[in-house]
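Written below as structure tokens is the structure these notes are about.
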Amino acid sequence: MEENGTFRSHCKQQVDRWVNIGYVRKSNTKESVESRCRLLDTMATRLINRCFCTKIFASAVCPTSQALFLRDCPVKKEIMDRLSMCNGTTQDLFSYLSNCNKNVRLCIIDFAGLSTDPADITSFLKYVN
């Protein structure tokens, strides 16, 4: 792990003006609910430890091609209730962003963790700005 890297140092210096939030997503694959929850919580823990995320939002069962604004409708409650490291769904993320009074850094594991559709990401960024 990058203990004293530039990004981590920057985050520590900007804690009063910025909030780091994380987003994790798991595709619709065939693992058990227990395994899915473990994998999502592991991704969330990495974002908390590496990026100082204070909140983590998750899409528990979602293809990367699904539009961001349509994710978690309906909520996979049986999975979301078992996630110990997550604060809510993608829809909760939108609500949080609408009410947050700080600058927000959205941290994800990789580009496909958010979406593989650049137009969808552009729409998302326009919404949050």
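The values are calculated or read from the model by the stated rules, or taken from the named source; none is laboratory data. All values reported here derive from a predicted model rather than from experimental measurement. Don't worry about glycine lacking a Cβ; one is built from the backbone with ideal geometry, like all the others, and counts go over all protein chains shown. SASA here: full protein model, heavy atoms, side chains in, ligands and nucleic acids out. Shrake-Rupley method; radii C 1.70, N 1.55, O 1.52, S 1.80 Å.
So how many residues does segment 11-47 have that are farther than 17 Å from M80 by Cβ, open to solvent by 80 Å² or more (accessible area, probe 1.4 Å), under 20 Å from the mean Cα position of the chain (by Cα) and of a type outside the set (K, R)? Adding up the residues that qualify gives 1. If you go through segment 92-129 one residue at a time, how many are buried (at least 16 other Cβ atoms within 10 Å of the Cβ), free of Cβ contacts under 8 Å to residues at least 60 places away in the same chain and not in a helix (DSSP H, G or I)? Final tally of qualifying residues: 1. Does D81 qualify as being charged (D, E, K, R) and within 13 Å of the chain's Cα centre (by Cα)? Considered against the rule, which asks whether it is charged (D, E, K, R) and within 13 Å of the chain's Cα centre (by Cα), D81 comes out as no. Listed by first and then second residue, the pairs linking a residue in segment 56-71 that is open to solvent by 10 Å² or more (accessible area, probe 1.4 Å) to a residue that is modelled with pLDDT under 90 and small (G, A, S), with Cβ atoms under 7 Å apart and 6 or more places separating them unless they lie on different chains, are T64/A112; T64/S115.
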